[in-house]
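*Asks:* Got a structure for you, questions after.
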Amino acid sequence: MSPHKSGESAETPTGPPPEGPRPEPIRFFGTTWVAHDGGYALRRVAVAAGSLAAAVGACFLLRFAYQGLETANASSFVGVLVIVTFSVCSAIAFRKTWEGFSKRPGDAAREEALRSLKGIGFIGSLLAYFLRSLAEAPGERLRRTEYETAVSRYERRRTTRTGNPAARKANRPKRAKRK
């Protein structure tokens, strides 16, 4: 078994954990995105189907809420306001979720301020998850780039390190003792 599968501990049954950087897990995928193993394809299908089904269910829920407004004889302005609010919030949530798959958020305070907007526009986030999962695990490209960069930095550090005492002792010929 590979130590990269989700749900497993970092320590292998035969010894200590492997050296170097470890991949960051992705929601619903764990670290199966690294080698596309452990049911990766099935997980992508499940995430795509689940997010689309949740988006459709949410649309029905909003439709019932709108019918409740009509039954309550709310003014047409209120109906239009509800539709515009959910549409704008869904568009913003879609855009911010989609951007989150390709780059890390720069300002944590801004992301916190948009949390409620993204909560109202949850349909947009679900649709972003659906569309991204058709091509890859949501956020896989960003994490793969970061992971490969970290691995290459680690390898460069390990091979070009001049201060590594283990490398010095193995490569240096022994000196004769002075009398």
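The values are calculated or read from the model by the stated rules, or taken from the named source; none is laboratory data. Just so it is clear, the structure is predicted and the values come from calculations on it, not from any experiment. Every residue, glycine among them, receives a Cβ derived from its backbone with ideal geometry; neighbour counts consider all protein chains shown. These accessible areas exclude ligands, DNA and RNA; they are computed on the full protein's heavy atoms, side chains included. Shrake-Rupley method; radii C 1.70, N 1.55, O 1.52, S 1.80 Å.
*Asks:* Any idea how far apart PHE60 and LYS103 come out in nm if each label point goes 7 Å out from Cα toward Cβ?
*Replies:* With each label placed 7 Å out from Cα toward Cβ, I get 3.9 nm.
*Asks:* What do you get for trypsin sites (Lys or Arg not before Pro) in segment 112-163 restricted to DSSP loop and a cutoff of at most 13 other Cβ within 10 Å of the site's Cβ?
*Replies:* For trypsin sites (Lys or Arg not before Pro) across segment 112-163 that sit outside H, G, I, E and B with at most 13 neighbouring Cβ atoms in 10 Å, the list reads ARG161.
*Asks:* Whole-Hz ³J(HN,Hα) for each residue in segment 75-88, computed from phi via Karplus 6.51 cos²θ - 1.76 cosθ + 1.60 with θ = phi - 60°, x for glycine and proline: what do you get?
*Replies:* Once rounded to whole Hz, the list reads 5, 5, 4, 5, x, 5, 4, 5, 5, 5, 4, 5, 5, 5.
*Asks:* Classify segment 92-155 as rounded, prolate or oblate from the Cα gyration tensor: take a ≥ b ≥ c as the square roots of its eigenvalues, call it rounded if a/c is under 1.5, otherwise prolate when a/b beats b/c and oblate if not.
*Replies:* In terms of gyration-tensor shape, oblate.
*Asks:* Over segment 35-143, give the accessible area per residue in Å² for a 1.4 Å probe, as an integer.
*Replies:* On a per-residue basis, segment 35-143 sits at 60 Å².
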